[in-house]
Every structure is written in structure tokens, then in C-alpha cells.
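K.L.:
Before I ask anything, let me first share the structure, which is written out below as C-alpha cells.
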Ligand code: SF4
């Protein structure tokens, strides 16, 4: 029996069929000064970025973020406009009940599972935290349907902590430029924690989300209109900085 050694058979002959693909081209990591310049430009363009999810208080923010998994903010806002008019506290959500909650959010993907999580976390909040959303990561991550990303959003947006939530947009932009490349959201989060200057941390994930959502889009990045084009090293940029008009 022939022995394979990384795409070759013993003796140097190639393995028939698919060969190992070349390593992906990775752009060189931006230096700290460039990262500072990137966030300075984001700040100059949008000094006070905000989440596009609609919410009334820490509880409704938590619910909106739980509902937003694999859904658009616009789609979530459409459903929560009605939902939060009916229930904007965990007590009211429990009183609303599963059938009514499920019906109110049925336009959102995975709504049945999300409804169960919203009720389960509401029950925990009432029983263990007096109906309040806890302001620490450990307690948040123990709530049903709440992972690290959701906890980061709530800590940042409801409690003003400089946490950086890594969603699909933050992940993509951080890897493309690259600001903080990584294979997992946690790797990217840790990289951003290390390289984003303190003064920009509080708003970093908002700027990166908005940049990814409206400019550095997944399929067709609008590099011609990108305010950090000259600082971006992504080899597949659709327009180079010196070609912009
Ligand atoms: S130049 Fe293009 S790829 Fe680079 S950050 Fe801007 S939009 Fe994204």
C-alpha cells in the first residue's frame, strides 16, 4: 500500500485527484499607528455611532440582541416595535406568554427557539436578579440564549463598557484590512482588544459593524467610497486608493 506524504506518494509521485491548495494570500497586519488612523477616520466621519437595533432599556436591548442572531437589524426592529409595546420588562414578557410572543416575532428566523430563550431568560431575570439585567459578563453568559457576543453588546451599549462584540461584519473587516486577523470571533476579539487604542474601544464595534454593513460588504465591497482604502491591504480590493476619483 502506497504511503502519502502531503500530496505525494512515497517516492515523489503526486497523489491522483485533488492536490493541496495553495495557502491563502494574507495581507500583512496593520501597524498600531495605522490602526489609530483608521479609528480616527471612523470617529471623524461618525463621532457618536449607535446600534441600529431599537430598544427602550437594558432588558429590551438584551431581547433584541438575542432575536438578532442570524437575522437583520431591520427585520428584528419590525417585530420588536410591536413586541416592546406589549412587553418591555421581563415580568410583562412572562405575562405575555409563549403563544403570543411566538406569534409576535414569527417574521424572525428561528423564532420558536428564540421565543423559548426570551421567556427562559426573563424567568431567570425575575427569579435571580429582581427583574434587572445583570451588568457583568459571567451572569449574562449564564442566561439562556446569551453567548459572548450578546454579552459584549449588552455590556457595551447598556452599561458603557469598552467591550468589542465580534459579529460577521466586524469579523470580515478585521480580517480584510487587516486590523486583527483571526480564524474565530474570539481570536479577532482578542486581537482588537490588543490593538485598538483605549480612546476608541467603546465605539470600535459600532464603527466596524457599520463599515462592514454599508461599505466593506461581503460580496461587493465599495472600495471606491471607502474612507480607509489607502490603509487597507486586502489584495482583493475592488478599487485601489490611487485609482479613486
Ligand atoms: S478598501 Fe475595500 S476591502 Fe478594504 S476596508 Fe475598504 S471597502 Fe473593505
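The values are calculated or read from the model by the stated rules, or taken from the named source; none is laboratory data. All of these numbers come straight from a predicted model, not from anything done at the bench. Neighbour counts run over all protein chains shown; Cβ positions are idealised from the backbone, glycine included.
K.L.:
Being part of a helix (DSSP H, G or I), in contact with a helix residue (DSSP H, G or I) (Cβ under 7 Å, 6 or more places away or on another chain) and within 8 Å of the ligand (Cβ to nearest atom), is that true of even one residue in the range 198-210?
P.N.:
There is no residue in the range 198-210 that is part of a helix (DSSP H, G or I), in contact with a helix residue (DSSP H, G or I) (Cβ under 7 Å, 6 or more places away or on another chain) and within 8 Å of the ligand (Cβ to nearest atom).
K.L.:
Let me ask something additional. Would you call residue 103 surrounded by fewer than 17 Cβ atoms within 10 Å (Cβ to Cβ) and within 30 Å of residue 231 (Cβ to Cβ)?
P.N.:
For residue 103, the condition - surrounded by fewer than 17 Cβ atoms within 10 Å (Cβ to Cβ) and within 30 Å of residue 231 (Cβ to Cβ) - is not met.
K.L.:
Any residue at all in the range 219-237 that's more than 10 Å from the ligand (Cβ to nearest atom) and at pLDDT 95 or above?
P.N.:
Checked against the condition, which is being more than 10 Å from the ligand (Cβ to nearest atom) and at pLDDT 95 or above, the range 219-237 yields at least one hit.
K.L.:
Exactly one condition in (1) in a helix (DSSP H, G or I); (2) away from the ligand (no atom under 16 Å from the Cβ) is false for residue 174; which is it?
P.N.:
Condition not satisfied by residue 174: (2).
K.L.:
Of everything in the range 71-100, what is assigned to a loop (DSSP other than H, G, I, E, B) and under 11 Å from residue 118 (Cβ atoms)? Give them in sequence order.
P.N.:
87
For every residue, the table says whether it meets (1) modelled with pLDDT of 95 or more; (2) within 30 Å of residue 181 (Cβ to Cβ); (3) more than 21 Å from the chain's Cα centre (by Cα).
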position: 7; (1), (2), (3): no, yes, yes
position: 31; (1), (2), (3): no, yes, yes
position: 49; (1), (2), (3): yes, yes, no
position: 106; (1), (2), (3): yes, no, yes
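K.L.:
Restrict the check to the range 160-175 and report whether at least one residue is more than 13 Å from the chain's Cα centre (by Cα), at negative phi and buried (at least 20 other Cβ atoms within 10 Å of the Cβ).
P.N.:
No, the conditions are met nowhere in the range 160-175.
K.L.:
Continuing with the same structure: Scan the range 118-133 residue by residue and report those that are under 24 Å from the mean Cα position of the chain (by Cα) and either in contact (Cβ under 8 Å) with a residue 40 or more places away in the chain or under 19 Å from residue 152 (Cα atoms) (or both).
P.N.:
118, 121, 122, 133
K.L.:
Does residue 189 meet the test of being crowded, with 17+ Cβ neighbours inside 10 Å, more than 8 Å from the ligand (Cβ to nearest atom), free of Cβ contacts under 8 Å to residues at least 60 places away in the same chain and part of a helix (DSSP H, G or I)?
P.N.:
yes
K.L.:
Cβ contacts < 6 Å: first residue free of Cβ contacts under 8 Å to residues at least 60 places away in the same chain, restricted to the range 231-242; second residue more than 8 Å from the ligand (Cβ to nearest atom), any location; separation 6+ or different chain. Result?
P.N.:
Listed pairs, sorted by first residue: 239/224; 241/230.
K.L.:
Just to be sure, is residue 146 modelled with pLDDT of 95 or more and more than 13 Å from the ligand (Cβ to nearest atom)?
P.N.:
It is true that residue 146 is modelled with pLDDT of 95 or more and more than 13 Å from the ligand (Cβ to nearest atom).
K.L.:
Also: Take residue 182 and tell me if it is modelled with pLDDT of 95 or more, surrounded by fewer than 19 Cβ atoms within 10 Å (Cβ to Cβ) and either farther than 24 Å from residue 52 by Cβ or in contact with a strand residue (DSSP E or B) (Cβ under 8 Å, 6 or more places away or on another chain) (or both).
P.N.:
yes
K.L.:
Criterion first (crowded, with 20+ Cβ neighbours inside 10 Å and either assigned by TED's automatic domain parsing to the domain that holds residue 189 or at pLDDT 95 or above (or both)) does residue 62 satisfy it? Outline the logic, then answer.
P.N.:
Values: crowded, with 20+ Cβ neighbours inside 10 Å: yes; either assigned by TED's automatic domain parsing to the domain that holds residue 189 or at pLDDT 95 or above (or both): yes.
So residue 62 passes the test.
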